[in-house]
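Colleague: This is the structure I have questions about; it appears just below.
The values are calculated or read from the model by the stated rules, or taken from the named source; none is laboratory data. Remember, predicted model here, so these are calculated numbers, not experimental data. Positions of Cβ are generated from backbone atoms using ideal geometry, with glycine treated the same way; all protein chains shown enter the neighbour counts. Ligands, DNA and RNA are stripped out before the accessible areas are found, and what is left, the full protein with its side chains, is counted by its heavy atoms. Shrake-Rupley method; radii C 1.70, N 1.55, O 1.52, S 1.80 Å.
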Amino acid sequence: MDARLDYFHNGVGAKVLRHFNSAGKALSDSGLPHATQELVKLRASQINGCGFCTDMHTKDAAHAGESAQRLNLVAAWREATVFTEAERAALELAEQGTRIADAAGGVTDEAWENAAKHYDEDQLAALISLIAVINAYNRINVINRQPAGAYQPGQFG
């Protein structure tokens, strides 16, 4: 399987990715816990059917010490007992923010208020931005049919 185009080395594509990567760096450096960030990126990528990002964020999280059990249960987080209440609130916000077109009201007040119980304003801004950025990455990779499986942790810096 090959990507439709070499987006990473295309002049326009590479420029766009540099900007997304800068945003990603700002998010990595935010006060939002790194484990939460990886769980959110993984869940959004699963929902969007982005194999490339699912592969990347599973491997990056495992490389950072995340357990296989928690990674395997992200897709069924509601029924899993291995996530903190804060992580569950972030995962709910990520799901609703990713499936925004599926609900006329977008993200519910309940999901927002639950997240706000666990995260301060800077962390909430990071969480919103993270959800937006991973959804953008997912869309690029899904549209481009970017193959999954070959990613190595830290490959992109």
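Colleague: What do you get for the angle between helix 121-144 and the principal long axis of the chain? Use alpha-carbon atoms, 0 to 90 degrees, nearest ten.
Modeller: Around 40 degrees separate the two axes.
Colleague: Using the per-residue mean of other Cβ atoms lying within 10 Å as a proxy for protection, in what order, highest first, do the peptides 73-79, 11-17 fall?
Modeller: Values: 73-79: 14.0, 11-17: 11.9.
Packing order, densest peptide first, comes out as 73-79, 11-17.
Colleague: His19 to Ala3: extension gain in nm, 0.36 nm per residue of separation minus the Cα-Cα distance?
Modeller: Details: separation 16, 0.36 × 16 = 5.76 nm, distance 2.11 nm.
Using 0.36 nm per residue and subtracting the Cα-Cα distance, I get 3.6 nm.
Colleague: For helix 34-48, what angle does its Cα long axis make with the longest principal axis of the chain, in degrees from 0 to 90 and rounded to 10?
Modeller: 70
Colleague: Can I ask one more? Output the peptides 130-142, 113-125, 41-53, 18-30 sorted from most to least packed, where packing is the average of other Cβ atoms within 10 Å over each peptide's residues.
Modeller: Details: 130-142: 19.8, 113-125: 14.9, 41-53: 22.2, 18-30: 13.2.
Top of the packing list down: 41-53, 130-142, 113-125, 18-30.
Colleague: Among [x] -0.28, -0.59, -0.69; [y] -0.39, -0.76, -0.85; [z] -0.25, -0.53, -0.62, which one is log10 I(q)/I(0) by the Debye sum over Cα atoms at q = 0.09, 0.13, 0.14 Å⁻¹ computed from these coordinates?
Modeller: So the structure-derived entry is [x].
Colleague: Normalised by the residues of the chain, what does the relative contact order come to in percent, with Cα pairs under 8 Å and at least six apart?
Modeller: Working: 165 pairs, mean separation 61.3, N = 157.
Worked out over the chain, it gives 39 percent.
Colleague: Shifting gears a bit: In the range 47-157, carbon and sulfur make up what percent of the accessible area (probe 1.4 Å)? Intermediate values should be presented prior to the final figure.
Modeller: On the way: 3140 of 5890 Å².
That share works out to 53 percent.
Colleague: Would you compute, from DSSP H runs of 4+ residues alone, the mean residue ellipticity of the chain at 222 nm, taking -39500 (n - 2.57) per run and dividing by the full residue count, rounded to the nearest 500? If you can, show how the numbers build up before the last one.
Modeller: Details: 7 runs with 100 residues, N = 157.
-20500 deg cm²/dmol, from helical runs alone.
Colleague: Could you give the C-alpha radius of gyration of the range 12-85 expressed as a fraction of 2.2 N^0.38 Å, taking N as the number of residues it contains?
Modeller: On the way: Rg = 13.3 Å, N = 74, 2.2 N^0.38 = 11.3 Å.
Dividing the Cα radius of gyration by 2.2 N^0.38 Å gives 1.18.
Colleague: Another question, then. Could you tell me how many degrees, from 0 to 90 and to the nearest 10, lie between the Cα long axis of helix 85-98 and the main elongation axis, the longest principal axis, of the Cα atoms of the chain?
Modeller: The answer is roughly 50 degrees.
Colleague: On to the next question. Cα to Cα, under 17 Å, and not fewer than 8 places away if on the same chain: which lysines meet these conditions relative to Lys41?
Modeller: In chain and number order, the partners are Lys25, Lys59.
Colleague: What do you reckon, how do Thr58, Thr36, Thr81 stack up by accessible area (1.4 Å probe), largest on top? Mind dumping the intermediate values first?
Modeller: On the way: Thr58 50, Thr36 10, Thr81 135 Å².
Descending accessible area places them as Thr81, Thr58, Thr36.
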